[in-house]
């Protein structure tokens, strides 16, 4: 059984660390501008590793010049609160842990159509696992 309290604490820590990254410590009071939206990050699709030690989640941000949303997968260590960006594919989503918690599978639109990839928790280049004629939904 996965510890739900640890999950909630780690998810809150991950959200807090992302907010800290996007908010200056000495922000001046001023009206909100449209460009401020580009600094916002949202967190979704959090999933805990089988051993309960890490949480993988998706961070979404806006790309104004491209008029699109960019999504990457991040990982949080439950014990330390340390977070790191695992993927940099711009359209990575739906992380799922391997049974041994050493890999994450995810879908990505890296090659025009969405396919399933995997990446080691140590980082490195993602490996494509599928080559289907249609996109993964």
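The values are calculated or read from the model by the stated rules, or taken from the named source; none is laboratory data. These numbers come from a predicted model, not from an experiment. Cβ atoms come from the backbone with ideal geometry, glycine included; neighbour counts cover every protein chain shown.
What the table below lists for this structure:
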read-out: Which numbered condition residue 80 misses (of (1) within 15 Å of the chain's Cα centre (by Cα); (2) over 16 Å from residue 47 (Cα atoms); (3) outside any strand (DSSP E or B)); value: (1)
read-out: Residue 94 being crowded, with 16+ Cβ neighbours inside 10 Å, out of contact with any helix residue (DSSP H, G or I) (no Cβ under 6 Å at 6 or more places or on another chain) and at positive phi; value: yes
read-out: Members of the range 54-73 that are assigned to a strand (DSSP E or B) and either without any contact (Cβ under 8 Å) to a residue 40 or more places away in the chain or closer than 12 Å to residue 119 by Cβ (or both); value: 56, 58, 60, 61, 62, 63, 68, 69, 70, 71, 72, 73
read-out: Any chance residue 59 is modelled with pLDDT of 90 or more, touching a helix residue (DSSP H, G or I) at 6+ places or on another chain (Cβ under 7 Å) and closer than 29 Å to residue 38 by Cβ; value: yes
read-out: Complete set of residues in the range 77-91 that are surrounded by 14 or more Cβ atoms within 10 Å (Cβ to Cβ) and within 23 Å of residue 38 (Cα to Cα); value: 83, 86, 87, 89, 90, 91
read-out: Hits in the range 97-112 (condition: closer than 25 Å to residue 68 by Cβ, free of Cβ contacts under 8 Å to residues at least 24 places away in the same chain and surrounded by 13 or more Cβ atoms within 10 Å (Cβ to Cβ)); value: 108, 110
